[in-house]
């Protein structure tokens, strides 16, 4: 039977990140994608010019409509910055006994700028991490969650263990912002694993975090163990970057369709 994957995230009108990247990734994995939109953004490859939040009631109504009809096999949660919305998502996912939940904690931009306030970070980590099958912070977010500076893979392992011990959920720290190989670190009940990939010479990496977390959610929907789901997700992401799509005037998007044989 066709697997169903739900993304709960913000919309990127230019198609490179957020809901649009998630749905492309889900489709590339030959699954049925659904979306609950937490915010509308006006953005492109050069940056974000405006954000308009969905009301908590609207997010709740979207989730009720989805679960009342087509229950997802996995869920990816991305951009959510309102405390009330975070709590609505937690309440609904618990009440519907949702499974295979991957949380991409969108807290800090690639530039290092905070995207949500400290109170929202606290609520997000308390409410959503407790139901997550995996969280996927970038280096800046991992520093915020662990409270330590991350300069190398050893620091990534230390931070991952601290976050795992504090919140009780598996954590994948993405090392894309470090020099050298693109190394991610996974801390889970079975220990710590590292996933290395050759760094690809392509600056068009808009939406990589959204894409990876969605790919992992798809793999969990297939029934893969966590380590395999992460490894396969990273493999898909590398392929989407290596396809060298070149769109826009700034940091462009990935080619999510490369695996379907659709070229630039």
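The values are calculated or read from the model by the stated rules, or taken from the named source; none is laboratory data. This one's a predicted model, so the numbers in the text were calculated from it and none came from an experiment. Because the Cβ atoms are built from the backbone with ideal geometry, glycine has one as well, and the counts that use them run over all protein chains shown.
Give just the number: which of (1) over 18 Å from the mean Cα position of the chain (by Cα); (2) surrounded by fewer than 24 Cβ atoms within 10 Å (Cβ to Cβ); (3) not in a loop (DSSP other than H, G, I, E, B) does residue 159 not satisfy?
Of the numbered conditions (1) over 18 Å from the mean Cα position of the chain (by Cα); (2) surrounded by fewer than 24 Cβ atoms within 10 Å (Cβ to Cβ); (3) not in a loop (DSSP other than H, G, I, E, B), the odd one out for residue 159 is (2).
I'd like to verify a number: residues in segment 222-264 that are assigned to a helix (DSSP H, G or I), farther than 20 Å from residue 181 by Cα, modelled with pLDDT under 95 and in contact with a strand residue (DSSP E or B) (Cβ under 7 Å, 6 or more places away or on another chain), how many?
Going through segment 222-264 one residue at a time, the tally reaches 0.
Return a yes/no flag: does segment 195-203 have any residue that is part of a helix (DSSP H, G or I), surrounded by fewer than 23 Cβ atoms within 10 Å (Cβ to Cβ) and in contact (Cβ under 8 Å) with a residue 24 or more places away in the chain.
Taking segment 195-203 as the starting set, the residues that turn out to be part of a helix (DSSP H, G or I) are none.
There is no residue in segment 195-203 that is part of a helix (DSSP H, G or I), surrounded by fewer than 23 Cβ atoms within 10 Å (Cβ to Cβ) and in contact (Cβ under 8 Å) with a residue 24 or more places away in the chain.
Residues in segment 227-264 that are in contact (Cβ under 8 Å) with a residue 60 or more places away in the chain and on the phi > 0 side of the Ramachandran plot: how many?
1
Quick one: is residue 149 in a loop (DSSP other than H, G, I, E, B) and free of Cβ contacts under 8 Å to residues at least 12 places away in the same chain?
Details: in a loop (DSSP other than H, G, I, E, B): yes; free of Cβ contacts under 8 Å to residues at least 12 places away in the same chain: yes.
Yes; evaluated as a whole, the condition is true for this residue.
Can you name every residue in segment 57-81 that is without any contact (Cβ under 8 Å) to a residue 40 or more places away in the chain and buried (at least 18 other Cβ atoms within 10 Å of the Cβ)?
Once the filter is applied, which keeps residues that are without any contact (Cβ under 8 Å) to a residue 40 or more places away in the chain and buried (at least 18 other Cβ atoms within 10 Å of the Cβ), segment 57-81 yields 60, 62, 67.
Cβ-Cβ distance below 6 Å, separation of 6 or more or different chains: which pairs start in segment 23-36 with a residue that is on the phi > 0 side of the Ramachandran plot and modelled with pLDDT of 95 or more and end on one that is assigned to a strand (DSSP E or B) and surrounded by fewer than 20 Cβ atoms within 10 Å (Cβ to Cβ)?
none
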